[in-house]
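Undergrad: Dropping a structure here in structure tokens format, bear with me for questions.
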Amino acid sequence: LLRISGTGGIISVTLPQNAPELEIGKNYVWFFAPIAPGGILRPDNNNVVGWVKRVEAPTVAGATAVDRATEYAKSGIWYDTVTVLASAQQTQPGNATLASEWKDLLKQVGLEAIATQPIAERL
């Protein structure tokens with residue numbers, strides 16, 4: 001159960017500390033559906049389904065956020081690419097290079113419509 005503020009924007013979801021470690025090379029399916037407090041999950045709820053596969057991370061020590069994100073992207077590591085750029089934007093909100101990289105990344109996967117939305121919450 002995740003609680004969000006409802007102010008809109010992009011949110012980040014992290015596995016709980018006590019969750020089992022994901023195995024390298026194994027595919028996992030995830031499902032996200034917002035439900036109003038006291039509500040129930042119904043077939044017509046809005047939802048998103050995706051998958052993730054844990055892989056060995058490339059070595060990117062000492063690199064800038066853009067360099068790290070680029071290395072992750074080259075390796076096909078989407079979630080870490082997004083995490084690095086989103087975190088960097090939150091710590092450097094006026095950085096035009098980070099904003100441009102963020103927009104370019106989301107455009108590559110057809111998400112340009114949300115590229116200007118605020119990164120609202122980290123859950």
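Undergrad: Looking at (1) in contact (Cβ under 8 Å) with a residue 12 or more places away in the chain; (2) within 15 Å of the chain's Cα centre (by Cα), which one does L15 not meet, given that it meets all the others?
TA: Unmet for L15, out of (1) in contact (Cβ under 8 Å) with a residue 12 or more places away in the chain; (2) within 15 Å of the chain's Cα centre (by Cα): (1).
Undergrad: Follow-up. For E21, are the conditions met, namely being at pLDDT 90 or above, in a loop (DSSP other than H, G, I, E, B) and not basic (K, R)? Show your work before the answer.
TA: Details: at pLDDT 90 or above: yes; in a loop (DSSP other than H, G, I, E, B): yes; not basic (K, R): yes.
Considered against the rule, which asks whether it is at pLDDT 90 or above, in a loop (DSSP other than H, G, I, E, B) and not basic (K, R), E21 comes out as yes.
Undergrad: How many residues are open to solvent by less than 80 Å² (accessible area, probe 1.4 Å) and within 30 Å of E112 (Cβ to Cβ) when one looks only at the range 1-46?
TA: 15
Undergrad: Starting from the range 45-68, keep only residues that are among the basic types (K, R), then list their pairs with residues that are modelled with pLDDT of 90 or more whose Cβ atoms are within a distance under 6 Å, requiring at least 6 positions of separation or different chains.
TA: Note: pairs meeting the criteria are K53/N27; R54/L22; R54/I24; R68/V84.
Undergrad: On the given criteria, is V109 open to solvent by less than 60 Å² (accessible area, probe 1.4 Å) and under 18 Å from W51 (Cα atoms)?
TA: Answer is no for this residue.
Undergrad: Can you list residue pairs whose Cβ atoms sit under 8 Å apart, with the first residue in the range 80-99 being open to solvent by less than 50 Å² (accessible area, probe 1.4 Å) and the second being of a type in the set (S, T, Y)? Count only pairs 6 or more apart in sequence or on different chains.
TA: Going by the 8 Å Cβ cut-off, the qualifying pairs are T81/Y72; V84/Y72; A86/S12.
Undergrad: Of the residues in the range 47-70, how many are open to solvent by less than 70 Å² (accessible area, probe 1.4 Å) and not hydrophobic (A, V, I, L, M, F, W, C)?
TA: Final tally of qualifying residues: 3.
The values are calculated or read from the model by the stated rules, or taken from the named source; none is laboratory data. What you see is a predicted model, and the numbers here were worked out from it, not measured in a lab. In this analysis, Cβ positions are derived from the backbone assuming ideal geometry, glycine residues included, and neighbour counts consider all displayed protein chains. Note: areas computed on protein heavy atoms with side chains; ligands, DNA, RNA excluded. Shrake-Rupley method; radii C 1.70, N 1.55, O 1.52, S 1.80 Å.
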